[in-house]
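In what follows, a single structure is set out as structure tokens and then discussed.
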Amino acid sequence: MKAARLTLICHALTPAQKVGRFSSADEHILPMAEWPAPLNANTGVLTAPECRAHETCAGLGASAVVEPALADCDLGAWQGLALKQLQAEQPQALAQWLQDPHCAPHGGESIAQLCQRVAAWLEAFDTPGEWLAVTHPLVMRAAMVHVLGCPLAAFALIDVPALSRVHLSRAGKWRLRLV
């Protein structure tokens, strides 16, 4: 059985991330002086559908296939809002969302639903070879929770900075791969 090696990479820094605001679907990345090394020509590239993921692919010198399962968490009415604004205007709803992965006071997707979506995609992904998937911090958290078999409470304990990578490999079962 030939293994699939999947590297999840977080999109480049956005203005929203820089100021503590939830991104919107059309959020662009900030200009970068230097990008990571170009990809191996044999690497398959997947991307989330949002603009910031596409721009990151372009910065990496890659053309990619859009994978809807890599989309950012749907934060409903909170998209584009600053955390400070939510703390001031909806403190109970924000606290509930941060503590209960099954709730979605914003009217969008709960963390539990996001984790289920990402887990289903990972379990269906069985194409051997080298793969890179450009996605979002919350999606990468969900992938790590699934691969490591962590409780949903672990989701909030994972930090995913811009352009960080998570290496996974699969030969029957997903494993976290340190490089």
| message | Against the conditions (1) hydrophobic (A, V, I, L, M, F, W, C); (2) crowded, with 20+ Cβ neighbours inside 10 Å; (3) under 21 Å from residue 16 (Cβ atoms), where does residue 162 fall short? Just the number, please. | response | (2)
| remark: Across (1) of a type outside the set (Lys, Arg); (2) surrounded by 15 or more Cβ atoms within 10 Å (Cβ to Cβ); (3) more than 14 Å from the chain's Cα centre (by Cα), residue 123 clears everything bar (2)
| All positions within the range 69-101 that are without any contact (Cβ under 8 Å) to a residue 40 or more places away in the chain, of a type outside the set (D, E, K, R) and not in a helix (DSSP H, G or I) | 90
| message | I want to confirm something. Restricting to the range 143-159 and keeping residues that are part of a helix (DSSP H, G or I) and of a type outside the set (Gly, Ala, Ser), which single residue is surrounded by the fewest Cβ atoms within 10 Å (Cβ to Cβ)? | response | 157
| field | Top-ranked residue of the range 103-116 - restricted to ones that are without any contact (Cβ under 8 Å) to a residue 40 or more places away in the chain and over 14 Å from residue 71 (Cα atoms), ranked as surrounded by the fewest Cβ atoms within 10 Å (Cβ to Cβ) | value | 107
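Read-outs: derived from the displayed coordinates by stated rules, not from any lab. Predicted model, so just to flag it, every value in this text is computed and none were measured. We place every Cβ from the backbone using ideal geometry, glycine too, and count neighbours over all the protein chains shown.
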